[in-house]
Amino acid sequence: MLTFFGKGPNGKGGDRSGCSSETLAALQLLRGYWEALRMDGGLPARAQIDPRGMADCLDKVFLIEQIAPGLARFRLAGMALNDLLGMDVRGMPLSALFEPVARARIGHELEQVFASPAVMEIWLEAERSVGRPALSGRMLLLPLAVAAAGPKLALGCLVTEGQLGRQPRRFAISGLVRELVAGSGLRVVAEGGAQVPAPPRSSGRPALRLVSSRG
């Protein structure tokens with residue numbers, strides 16, 4: 001499986017989020033686990049998710065459910081997310097992690113994750129002020145299969161690089177890459193809406209191609 005982990009949205013190497021390879025390994029581990037659960041191009045079911053399969057990144061993993069178009073709340077969350085806001089985030093909206101100016105945008109992107117469905121990777125920059133030193137991050141959102149009469153769910157992971165500081169932290173969005181889950185393959189979509197077919201599969205796993213989030 002080819003991935004773009006460790007590269008910025010322009011695909012030219014280096015990481016725009018400033019996260020180290022060791023930190024980004026948590027995203028790659030979760031993505032690999034999600035991919036391994038996909039059967040015949042479908043999405044993994046909630047019942048298939050086993051915390052033991054994500055043991056090395058469990059503190060950074062979360063599960064969200066859609067509660068309205070463009071809105072989702074945490075059902076489960078690792079300690080790393082609680083540390084960001086200084087409280088237990090279960091039951092809180094995902095938008096609580098974002099600055100007010102970014103909430104409309106994350107709402108739009110959440111709708112794409114649940115409706116398309118789509119995989120989303122988001123580059124993040126935290127607000128800075130006294131008590132809030134430099135902090136950047138990456139968030140990965142992976143849709144799950146919808147159970148009968150159940151809510152739409154997505155598995156996620158948030159990794160950060162830098163110091164949390166003494167106050168709760170919230171993020172702005174500095175870039176993103178969206179991958180539409182289309183049958184057994186993936187189509188990568190830039191922010192401008194252009195779609196690019198992923199390269200042909202060679203080993204039973206979808207291969208991914210990077211497209212700049214700035215179109």
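Quick one: plug the Kirkwood hydrodynamic radius of region 14-80 (C-alpha pairs) into Stokes-Einstein at 20 °C, 1.002 mPa s, and report D in µm²/s. Roughly 157 µm²/s, to the nearest whole number. Per residue, the solvent-accessible area of region 86-188 (1.4 Å probe, heavy atoms of protein chains only, all protein chains present) comes to 38 Å². Volume of the convex hull of region 128-182 (Cα atoms only), normalised per residue: 105 Å³.
Sorted largest first by accessible area at a 1.4 angstrom probe radius, with every protein chain in place, the residues MET39, MET139 fall in the order MET39, MET139. Over all projection directions, the Cα-based convex hull of region 58-160 averages an area of 6.4 nm². Centre-to-centre separation between the Cα atoms of region 110-144 and those of region 45-61: 19 Å.
Taking a ≥ b ≥ c as the square roots of the eigenvalues of the alpha-carbon gyration tensor, region 47-114 is classed oblate because a/c is 1.5 or more while a/b is no larger than b/c. For region 38-87, the relative contact order works out to 27 percent when only alpha carbon pairs closer than 8 Å and six or more residues apart are counted. Of the solvent-accessible surface of region 48-176, computed with a 1.4 Å probe and all protein chains present, 54% belongs to carbon and sulfur.
The values are calculated or read from the model by the stated rules, or taken from the named source; none is laboratory data. None of the values given here were measured: they were computed from a predicted structure. Note: accessible area is taken over every heavy atom of the protein model, side chains too, but ligands, DNA and RNA are not part of it. Shrake-Rupley method; radii C 1.70, N 1.55, O 1.52, S 1.80 Å.
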